[in-house]
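Enquirer: I'd like to ask some things about the structure below.
The values are calculated or read from the model by the stated rules, or taken from the named source; none is laboratory data. Just so it is clear, the model here is predicted, and its values are computed rather than measured. Here Cβ is always computed from backbone atoms with ideal geometry, including for glycine, and neighbour counts include all displayed protein chains. Keep in mind that these areas ignore ligands, DNA and RNA; they rest on the heavy atoms of the full protein, side chains included. Shrake-Rupley method; radii C 1.70, N 1.55, O 1.52, S 1.80 Å.
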Protein chains: 2
Amino acid sequence: MARAATTTDAFNAVAEPRRRQILDVLSAGERPVNDLVRLLRLRQPLVSKHLRVLREVGLVDVRDRGRQRMYSLNGHPLKPIHDWVKTYERSWSRRFDRLDVVLEELKETKEDNRGNDE
Amino acid sequence: MARAATTTDAFNAVAEPRRRQILDVLSAGERPVNDLVRLLRLRQPLVSKHLRVLREVGLVDVRDRGRQRMYSLNGHPLKPIHDWVKTYERSWSRRFDRLDVVLEELKETKEDNRGNDE
DNA sequence: ACATTATATACCGATATGGGCATATGTCAA
DNA sequence: TTGACATATGCCCATATCGGTATATAATGT
């Protein structure tokens, strides 16, 4: 077996820095391929390939506009990453340090009657 | 050129699900290799290899205890992932939806006189 | 019909992966 | 010393990557 396909996961898709850059650009709004080519200074076929990966994991949507293809961000598949990594927050954040953690978490569960979404 | 090495990044290291599992186990406390082998039902050499990757990106620390090697979590390298993915929260969270976003963010900046860390 | 522009795909090469098994290294106990 | 246990490393294979170049596909303008 080899490494998992880049199209398996958002985890795998996003491990490639250029794909993260693409998403960063798209987060400001939809863009045709050539914009990305110019902004990121990459060859066009490379951008198209990266976009394919991003599309296959659902991180971008496409829309035809004349001879252009407008790509837009769809962050949904990033949620699992966020959820997973969030549970480790305590291991770098001061606020979640050592003994305080219990108290802190009690406090949180109270505060969570505030902004639960989804 | 090929895909970036798994040891390049936390991004790359963590793209492999078994490595995430290892971290999940270690988040409860340090463990010798054989514990991981048993808990995750993987062959010992495989676990050792995954641990090597995790060590090289700084996600785990090792400590010798007799003939065992105790591995422990070090979440710090995960922070960049968290920071990056956090900026996309709005694209899946109800709370950050569309027009509300401005109002919502204003509200946040007020609330942020609450728990800023680091 | 043709040329131009925008994008996608095909093919190639180099590389390093994850998992398999076998073996080396290291530590303790009799 | 010898043996048992714990872990790391070496070597093999199949695979898919990223990037490059060349070409296909598609839409527009003349």
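Enquirer: Select from the stretch B:22-38 the residues that are free of Cβ contacts under 8 Å to residues at least 24 places away in the same chain and away from DNA strand D (no atom under 12 Å from the Cβ) and list them in ascending order.
Expert: Scanning the stretch B:22-38 gives B:24, B:25, B:28.
Enquirer: Restricting to the stretch B:1-53, name every residue that is within 19 Å of residue A:14 (Cβ to Cβ), assigned to a loop (DSSP other than H, G, I, E, B) and open to solvent by 20 Å² or more (accessible area, probe 1.4 Å).
Expert: B:1, B:2, B:3, B:4, B:5, B:6, B:7, B:8, B:9, B:16
Enquirer: With within 15 Å of the chain's Cα centre (by Cα), on the phi < 0 side of the Ramachandran plot and within 8 Å of DNA strand D (Cβ to nearest atom) as the only criterion, which of A:19, A:43, A:55 stands out?
Expert: Every option except A:19 fails the conditions.
Enquirer: May I ask you to list the residues in the stretch B:59-91 that are more than 16 Å from DNA strand C (Cβ to nearest atom), part of a loop (DSSP other than H, G, I, E, B) and either more than 16 Å from residue B:30 (Cα to Cα) or open to solvent by 10 Å² or more (accessible area, probe 1.4 Å) (or both)?
Expert: Passing the criteria: B:74, B:87, B:88.
Enquirer: Restricting to the stretch B:58-81, what's the tally of residues that are of a type outside the set (A, V, I, L, M, F, W, C) and within 12 Å of DNA strand D (Cβ to nearest atom)?
Expert: 9
Enquirer: Hey, could you check the stretch B:1-11 for residues that are touching a helix residue (DSSP H, G or I) at 6+ places or on another chain (Cβ under 9 Å) and within 10 Å of DNA strand D (Cβ to nearest atom) and say which is farthest from residue B:76 (Cα to Cα)?
Expert: The residue in question is B:3.
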